[in-house]
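Peer 1: Shown below is the structure under consideration.
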Amino acid sequence: MERLRERDLYGPVRDYLESLGYEVKGEVKACDVTALRDGELLVVELKTGFTLELIYQAVDRQRVADGVYVAVPLPRRGYMAPRIRDMQSLCRRLELGLIFVGFTSGGIPQVDVAVHPKEASAPRRDKKRRLAVIREHAGRTGSANAGGVSRQKILTLYKEQSLQAARLLREHGPLRAEEVRRLGGPENSAGILSRNVMGWFERSPAPEGRRYLYAVSGKGLEALEEYEHLLL
């Protein structure tokens, strides 16, 4: 195979976790992969090599997750490769999981969990960050982002909600915020429309003068063209 990229590891890792019953999303709050099942949060950090940077990232993710894995390509020599035992030993000492992703000569991915992580201890948890990751993960309607991407726009929960509102305004014309919400828009439609963080909306006084009517702007229409293939 050609040189692997981090995003090439995402699909096999996602499929493995989904086979265990987890709901998996990519690029959630700086985590390459997040997986939720019955309130349990796993994080997987992807790298094309077993580096110190990867370990730094994984140890930081232990502050939000119940378990953290690092996932790297399986070396060409497999388990006969130098440093394999050292990698396993280090992960065990740090209570991290270790996943090797290999590919057959036909390009078929194979996932091997060499080390399972220990559950993170409560005192080192950052509850605020953990809740933010879980909320972002749970709020996404799909898995539009592939974990391990770089220099590529990420579809965050807030951006996805803004696009949903923009799509309704494009379909129905100018609406009040409460009408956008009733038509299936996000619960926080009023805040999204009034703040207009990304400039996707235009507003004008409603006929009775007590509410605003919102319409999608030219910038919003461009955003819909760019991202709509990622929306459900």
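The values are calculated or read from the model by the stated rules, or taken from the named source; none is laboratory data. Not measured: the values here are computed from a predicted model. Note: ideal-geometry Cβ built from the backbone for every residue, glycine included; neighbour counts use all protein chains shown. The area values use the complete protein model at the heavy-atom level, side chains included, leaving out ligands, DNA and RNA. Shrake-Rupley method; radii C 1.70, N 1.55, O 1.52, S 1.80 Å.
Peer 1: Mind listing whichever residues of the stretch 26-41 are open to solvent by 10 Å² or more (accessible area, probe 1.4 Å) and under 11 Å from the mean Cα position of the chain (by Cα)?
Peer 2: GLU27, LYS29, ALA30, ASP32 - these are the residues of the stretch 26-41 that are open to solvent by 10 Å² or more (accessible area, probe 1.4 Å) and under 11 Å from the mean Cα position of the chain (by Cα).
Peer 1: Quick one: how many residues across the stretch 151-167 are among the aliphatic types (A, V, I, L, M) and open to solvent by less than 20 Å² (accessible area, probe 1.4 Å)?
Peer 2: Result for the stretch 151-167: 4.
Peer 1: Restricting attention to the stretch 210-230, does a residue exist that is in contact (Cβ under 8 Å) with a residue 24 or more places away in the chain, small (Gly, Ala, Ser) and in contact with a Ser or Thr (Cβ under 7 Å, 6 or more places away or on another chain)?
Peer 2: no
Peer 1: Here is a check on your reading of the model: is PRO117 under 17 Å from VAL24 (Cβ atoms) and open to solvent by less than 50 Å² (accessible area, probe 1.4 Å)?
Peer 2: Details: under 17 Å from VAL24 (Cβ atoms): yes; open to solvent by less than 50 Å² (accessible area, probe 1.4 Å): yes.
Answer is yes for this residue.
Peer 1: Would it be correct to say that GLN110 is open to solvent by less than 60 Å² (accessible area, probe 1.4 Å) and not hydrophobic (A, V, I, L, M, F, W, C)?
Peer 2: No, not satisfied.
Peer 1: Does ALA166 count as closer than 24 Å to GLU27 by Cα and in contact (Cβ under 8 Å) with a residue 60 or more places away in the chain? Working first, answer last.
Peer 2: Numbers: closer than 24 Å to GLU27 by Cα: yes; in contact (Cβ under 8 Å) with a residue 60 or more places away in the chain: no.
So ALA166 does not fit the description; no.
Peer 1: Got a number for residues in the stretch 42-87 being open to solvent by 80 Å² or more (accessible area, probe 1.4 Å) and under 30 Å from LEU131 (Cβ atoms)?
Peer 2: Residues meeting the conditions: 4.
Peer 1: So in the stretch 64-78, with the set limited to residues that are of a type in the set (Gly, Ala, Ser) and over 17 Å from LYS29 (Cα atoms), which one is nearest to the chain's Cα centre (by Cα)?
Peer 2: Keep residues of the stretch 64-78 that are of a type in the set (Gly, Ala, Ser), which gives 65, 67, 71, 78.
Narrowing the set further to residues that are over 17 Å from LYS29 (Cα atoms) leaves 71, 78.
Working: ALA71: 16, GLY78: 30 Å.
Taking the candidates together, the pick is ALA71.
Peer 1: Would you tally the residues in the stretch 189-220 being over 17 Å from LEU155 (Cβ atoms) and surrounded by 11 or more Cβ atoms within 10 Å (Cβ to Cβ)?
Peer 2: 19
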